[in-house]
Amino acid sequence: MAGLRIGAHTFDIIEAGKAGDPLVLLLHGFPQTNHTWRHQLPALAAAGFHAVAPNQRGYSAGARPKDLESYRVEHLISDVLAMADALGAQQFHLVGHDWGGQVSWLTAALHPERIKTLSVLSRPHPAAFVRAMKDDAAQGDRSKHHRAFQNQDTVTRLLENDATRLKRTLADQGVPAADIDAYLSVLGNPDGLTAAVNWYRASATATDSALTARSVPVVTIPTLYIWGDADATVGRYAANLTAEYVRSVYTFVQIPDVGHFVTDQDVHAVNHALLAHLKSPPFNPVKRHEPTRFAATD
């Protein structure tokens, strides 16, 4: 795995395509790594893009600060922009899943001049998520693991009995066993998992930040949102609300019978939607798309 040096940190990256082609930066979520994009990278390269997927702050051993403050979302956003700079891209396409989706929403909302298109998987717009947590009791239940991550013994409990809880979380949402092993090669140890959990812990201490979810601006660039309707962590209410926070072309792709980890479950649907979005002609900023539904595939 190659390394990308950003200041004092070195991020592990996997990439496909030619440097100088339009950059697509792909951000993973929890409890996964850049391995989640293994099927998207070659497809993007074949379509003429330079696709780069980093292991983000804390997930890369060379970019793993000890202090909690270093995992505040301000730093996560700065990492994204610095990576694009290091890769020679003033503007780029941004793709994110789960926590990577959260960072992608924030980056696109606050720095629209840098982002050509936004694609988010399995994570509603932050303000839509806050509304859903308030208005939809079922969403609060789906998100109760966020509170559990504040407990001091969380890492120990997740790793006990050969990381049974982490493995079950992934397996129950359709992640193949071989890919679970790939994710745990990074997260199956106290240092790696503590750094990943610090994303949740740092966000819980950021109530004074201008980047709290309630204050995130609407997104003004072309946006694709992909949601599996069997997602155990994001319900339909939050998914549907997301349209209210995009003031540009908005494409909502719903994949039936697919859970949270959509890139592991339906490669065809994800790649089809992603490539269609990235290769679309110039956009009308007031256009809207009705939700697209894909038939589940093997």
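For this structure, a couple of remarks:
- ³J(HN,Hα), Karplus 6.51/-1.76/1.60, whole Hz, each residue of segment 25-34, x for Gly, Pro: 9, 10, 10, 7, x, 10, x, 10, 9, 5
- Derived scalar couplings ³J(HN,Hα) [segment 73-84; Karplus, 6.51 cos²θ - 1.76 cosθ + 1.60; whole Hz; x for Gly, Pro]: 5, 4, 6, 5, 5, 4, 4, 4, 5, 5, 5, 4
- Counted residue by residue at 0.36 nm each, then reduced by the alpha carbon distance between them, the extension gain from residue 78 to residue 181 reaches 34.1 nm.
- DSSP beta bridges in the chain [antiparallel fraction, %, rounded to 5]: 25 percent
- In the chain, the sites counted are trypsin sites (Lys or Arg not before Pro) in DSSP loop states with at most 15 other Cβ atoms within 10 Å, and the longest stretch holding none of them, exclusive of the sites, is 67-246.
- Helical runs (DSSP H, four residues minimum) scored at -39500 (n - 2.57) apiece and divided by the length of the chain put the mean residue ellipticity at 222 nm at -12000 deg cm²/dmol.
- Compactness check for segment 2-293: Cα Rg over 2.2 N^0.38 Å is 0.92.
Every read-out reported here was derived from the displayed coordinates using simple, explicitly stated rules and does not represent laboratory data. What you see is a predicted model, and the numbers here were worked out from it, not measured in a lab. Glycine also receives a Cβ, built like all others from the backbone with ideal geometry; neighbour counts cover every protein chain displayed.
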